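See below for the structure under consideration.
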Amino acid sequence: MASERIADPWGPATPYEAGTAWPVRVDAHSDGEPERWVQSACVLCSNGCALDVGVADGRIVGVRGRGVDRVNHGRLGPKGLYGWQANNSPDRLTRPLVRRGGNLEEAGWGEAMDTVLERARSLLDEKGPSAFGFYTSGQLFLEDYYTLAVLARGGIGTNHLDGNTRLCTATSGQSLKETFGCDGQPGTFADVDHCDTLLHVGINIAETQTVSWARMRDRLEGAGRPRLVVIDPRRTEAARHADVHLPIRNGTNVAVLNALIRELIENGRVDQEWVDSHTVGFEALAKTVKPYTPEHAAEICRIDAGAIRAAAELLGDAERLLSFALQGVYQSNQATAAACQVNNINLLRGMIGRPGCGVLQMNGQPTAQNTRETGCNGDLPAFRNWQNDQHVEQLARLWNVDPLTIPHYGPPTHAMQIFRYAEQGSISFLWISGTNPAVSLPELARIRSVLADERLFVVVSDAFPNETTELADVVFPTAIWGEKTGTFTNADRTVHLSEQAVEPPGEARADREIFLDFADGLGLQDKDGAPLIKWRTPEEVFDAWRECSRGRPCDYSEISYEALRGGSGIQWGGERLYTDGRFPTEPDYCEDFGHELTTGVTFTEVEFKALGAAGRAMLKPAPYVPPTEEPTDEYPLILNTGRTVYHFHTRTKTGRARQLVDAAPDVWVELSEADAVRLGVGEGDVVRVESARGRVDAPVRLTGVRDGVVFIPFHYGYWDRGGRDGHDRAANELTITLWDPVSKQPIYKTAAVRVERV
Ligand code: SF4
């Protein structure tokens with residue numbers, strides 16, 4: 001069974017045709033006979049496949065997919081089937097650690113929390129709330145995040161709270177805000193069942209969300225096959241199935257998308273009546289894309305102009321177009337500008353809010369949607385607008401605090417700026433929960449130096465020892481998925497309940513409980529002197545969240561733990577958003593007034609009102625601007641980093657699951673055949689990849705990456721390299737400290753590098 005799903009990550013095909021239900025296929029894997037099954041969902045990517053956890057002798061022994069669930073119809077990919085073994089890893093953190101004399105040593109909870117509280121109290125007195133930064137995750141539960149958001153924004157009163165979702169889905173959320181006025185996926189995975197054309201832009205979905213690809217693959221192999229257009233510098237599994245593959249040079253998304261939009265307009269493929277009724281900005285968009293002839297874009301992207309025309313023809317012929325984007329857009333040059341052009345294509349075709357017609361600006365992480373919704377990723381909770389005083393007052397009423405306690409003098413601080421403030425010394429206390437920035441942030445030598453700086457007090461909550469816990473002053477051991485109850489929401493707005501299946505190991509505790517202890521210890525109070533945070537159990541947090549979200553676009557008020565038990569997960573907002581062609585762009589309701597896409601300049605309310613959207617979507621244009629770091633004679637190639645099929649992020653979990661480790665034990669470098677010949681290297685030869693910031697040594701794989709581009713998976717760090725010294729394994733040794741001007745998402749796809757045989 002194990003080798004089966006490693007050899008075939010998508011499992012046996014179950015072809016089906018348009019408009020019919022995707023057949024159920026229940027996947028399972030256990031290492032023992034479960035005594036009971038506990039309802040949950042997978043937390044190893046944003047697909048959120050529903051599963052039951054098998055338990056025997058108080059330990060997790062396996063999983064099986066839930067056939068009743070709308071997301072996966074029973075299927076599980078390799079990470080879902082085997083990743084749970086990390087819970088049983090012998091190196092789990094089971095006791096708090098406190099740094100004494102330079103070394104991390106075990107301590108009791110009381111001592112560890114007192115150490116943190118002592119530093120926090122003195123910093124609050126000396127420097128005030130802005131000395132505090134919180135950097136959280138896309139892998140905790142809604143109940144953890146909402147507790148943290150109230151603690152940080154309503155209690156301490158700091159604006160410096162962000163998630164590692166800044167690295168993975170900030171552009172998804174931002175592009176939805178720029179186009180539709182608010183975050184929230186318009187589409188649904190069920191649109192795969194109805195579409196006649198699929199557009200993939202910078203998304204290697206066959207590896208990153210294997211079950212979603214299985215659904216598409218089954219449509220592609222069934223009757224009434226949809227057409228598939230793939231834009232990606234790599235010949236991915238989806239590209240191999242594509243009718244047209246545009247292998248553009250990294251960093252040129254906007255150029256190719258502008259050319260596609262130009263072709264749609266020039267060839268009369270715009271649904272003008274719908275566009276006139278439901279959007280604003282068409283004239284400016286048409287003017288901006290005018291210079292992007294297929295030939296001009298082909299020159300920028302280094303592809304064939306005929307292929308651009310062929311792709312535009314497929315998009316123009318579509319009657320039910322479903323578009324996807326991910327990190328090839330979000331982590332690249334002009335991230336938000338490019339993501340908005342994907343939205344624009346669907347809007348121009350009037351293909352949104354109907355079966356088979358939609359946009360999925362996909363998320364990377366399993367619970368990233370909750371980070372964004374609860375106010376832990378650069379927004380106020382429940383998609384409230386920091387520039388709207390009424391929205392701030394709503395939160396203040398809900399939390400019974402003074403509106404001035406909730407910082408809204410500027411946009412919530414993004415992660416890259418939080419680390420900059422830590423580097424500069426204005427942030428002196430940084431609490432990192434459920435994430436590993438010492439491997440996942442760009443330019444790792446800099447990040448290690450920031451975290452190791454004695455001026456910065458670093459608290460880390462995690463379940464495993466990793467590269468970041470090593471740099472902490474205090475480490476709290478956490479209970480993870482399977483060991484606590486809570487909810488999370490996937491990329492198509494499906495909310496799942498995950499029940500506690502087993503006890504956490506040792507003294508590990510849920511992040512929610514740790515944040516509550518901290519809030520109590522600091523004595524955070526509401527206006528009436530009562531404890532600021534009133535809840536204790538997960539369900540009490542969820543109920544508080546239902547009230548917080550009531551009346552907002554992400555309204556959970558009709559969803560309860562009870563409703564989530566037993567059947568399928570439930571989508572907030574219904575199956576599709578915007579079915580009536582109305583969008584949340586009224587100034588007093590929208591989440592964001594938006595930005596100028598090239599410079600990132602923030603629009604004021606007056607400027608937003610001048611767009612005149614008021615219920616219509618916004619077609620925002622952007623000219624192509626070349627990447628900041630282009631190849632040079634010294635560094636002639638472009639680095640592309642990313643995720644691969646057997647691992648998730650920095651492998652804190654998947655690096656502790658036997659089948660996944662065996663399938664992909666160490667880092668590699670992908671080159672095109674032509675580049676390999678030019679460099680005089682072949683499959684398996686060890687090469688050194690160097691940028692101006694660091695180096696990685698790894699064996700070569702010859703793949704379908706385009707010429708001039710080098711791919712390295714970013715999963716690998718240093719915790720499991722058997723005592724070998726040196727920082728030459730993590731892809732982010734090479735990447736650059738730059739971010740998109742609008743979404744503030746770091747740019748991981750355009751660093752200049754050179755490659756030499758070692
Ligand atoms: S597709 Fe994602 S959510 Fe589904 S089993 Fe695989 S890793 Fe888990």
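The values are calculated or read from the model by the stated rules, or taken from the named source; none is laboratory data. Being a predicted model, the structure only gives us computed values, none of them experimental. Note: ideal-geometry Cβ built from the backbone for every residue, glycine included; neighbour counts use all protein chains shown. To get the accessible areas, we keep the full protein, side chains included, count just its heavy atoms, and leave off ligands, DNA and RNA. Shrake-Rupley method; radii C 1.70, N 1.55, O 1.52, S 1.80 Å.
Worth pointing out:
- Residue that is within 16 Å of the ligand (Cβ to nearest atom) and crowded, with 24+ Cβ neighbours inside 10 Å, where the choices are 252, 208: 208
- Of the candidates 507, 513, 499, the single residue that is closer than 18 Å to residue 433 by Cα, under 27 Å from the mean Cα position of the chain (by Cα) and open to solvent by 30 Å² or more (accessible area, probe 1.4 Å) is 513.
- Only a single item in (1) buried (at least 24 other Cβ atoms within 10 Å of the Cβ); (2) assigned by TED's automatic domain parsing to the domain that holds residue 547 is not met by residue 352, and it is number (2).
- Conditions (1) part of a loop (DSSP other than H, G, I, E, B); (2) over 30 Å from residue 201 (Cα atoms); (3) open to solvent by less than 10 Å² (accessible area, probe 1.4 Å); number of the one not met by residue 382: (2)
- Within the range 46-91, the set of residues being touching a residue at least 40 places away in the same chain (Cβ under 8 Å) and open to solvent by 20 Å² or more (accessible area, probe 1.4 Å) comprises 58, 59, 66, 67, 68, 70, 73, 85, 91.
- All strands (runs of 3 or more DSSP E) inside the range 1-66 with 2 or more residues being within 16 Å of the ligand (Cβ to nearest atom) and hydrophobic (A, V, I, L, M, F, W, C): 50-56, 59-65
- Some residue of the range 556-566 being in contact with a strand residue (DSSP E or B) (Cβ under 8 Å, 6 or more places away or on another chain) and not assigned by TED's automatic domain parsing to the domain that holds residue 487: no
- Taking the criterion of being open to solvent by 10 Å² or more (accessible area, probe 1.4 Å) and within 16 Å of the ligand (Cβ to nearest atom), the only residue of the range 191-205 that qualifies is 204.
- Exactly one residue out of 206, 259 is within 23 Å of the chain's Cα centre (by Cα) and in a helix (DSSP H, G or I), and it is 206.
- Extreme residue, farthest from residue 702 (Cα to Cα), among residues of the range 659-681 that are touching a Phe, Trp or Tyr at 6+ places or on another chain (Cβ under 6 Å) and assigned to a loop (DSSP other than H, G, I, E, B): 664
- The range 292-323 - residue that is free of Cβ contacts under 8 Å to residues at least 40 places away in the same chain and not in a helix (DSSP H, G or I) and, of those, least open to solvent (accessible area, probe 1.4 Å): 293
- Hits in the range 211-239 (condition: away from the ligand (no atom under 16 Å from the Cβ), free of Cβ contacts under 8 Å to residues at least 60 places away in the same chain and assigned to a helix (DSSP H, G or I)): 220
- Where strands (runs of 3 or more DSSP E) sit wholly within the range 415-517, those with at least 1 residues that are farther than 30 Å from residue 561 by Cβ occupy 429-433, 457-462, 474-477.
- The set of residues in the range 256-270 being within 11 Å of residue 293 (Cα to Cα) and either open to solvent by 30 Å² or more (accessible area, probe 1.4 Å) or β-branched (Val, Ile, Thr) (or both) consists of 256, 261, 262, 266.
- Pairs with Cβ under 7 Å, 6+ apart, first in the range 173-194 and among the hydroxyl-bearing types (Ser, Thr, Tyr) and at pLDDT 95 or above, second open to solvent by 10 Å² or more (accessible area, probe 1.4 Å) and part of a loop (DSSP other than H, G, I, E, B): 179/620; 188/575; 188/576
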